[in-house]
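Heads up: the structure comes next, in structure tokens.
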Amino acid sequence: MPFLDLQSKLGIDIDKWMLLQSSRQPLRQVGRCHSFEKDWVECAHGIGAIRAKKECKLEYEDFLECMHRSKLLQRLKAIREQKEKLEKEGKYKAPDFSQDTNTP
């Protein structure tokens with residue numbers, strides 16, 4: 001037990017807010033990955049940790065992808081490398097947005 005329990009005296013629970021997407025969020029908006037975490041928790045509820053690792057692997061991977069976006073970053077890196085390769089070969093030229101004719 002902490003010497004000075006400020007969280008309970010102030011009526012906030014920072015630990016729960018920082019750890020779970022499902023907890024009460026600021027401005028009462030759900031977290032970005034709330035639905036993925038909910039699917040994972042519903043799958044793993046009541047079956048035990050060992051079975052949950054095997055049976056709920058897809059839900060857990062979806063939740064981790066939502067949190068860390070590692071597959072998205074890999075895809076963007078591959079696209080950027082392909083673009084640089086085509087520019088080096090002279091097959092692609094990026095539009096010059098500094099001119100009025102190429103404004104988006």
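Below are the figures for this structure:
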read-out: Contacts under 7 angstrom Cβ, first residue in region 49-65 being surrounded by 13 or more Cβ atoms within 10 Å (Cβ to Cβ), partner not in a helix (DSSP H, G or I) and not acidic (Asp, Glu), 6 or more apart; value: Glu55/Ile47; Phe63/Cys33
read-out: Within region 45-104, tally of residues that are at pLDDT 90 or above and at positive phi; value: 2
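The values are calculated or read from the model by the stated rules, or taken from the named source; none is laboratory data. Since this is a predicted model, take the numbers as computed values, not measurements. Ideal geometry is used to build each Cβ from the backbone, glycine not excepted, and the neighbour counts take in all protein chains shown.
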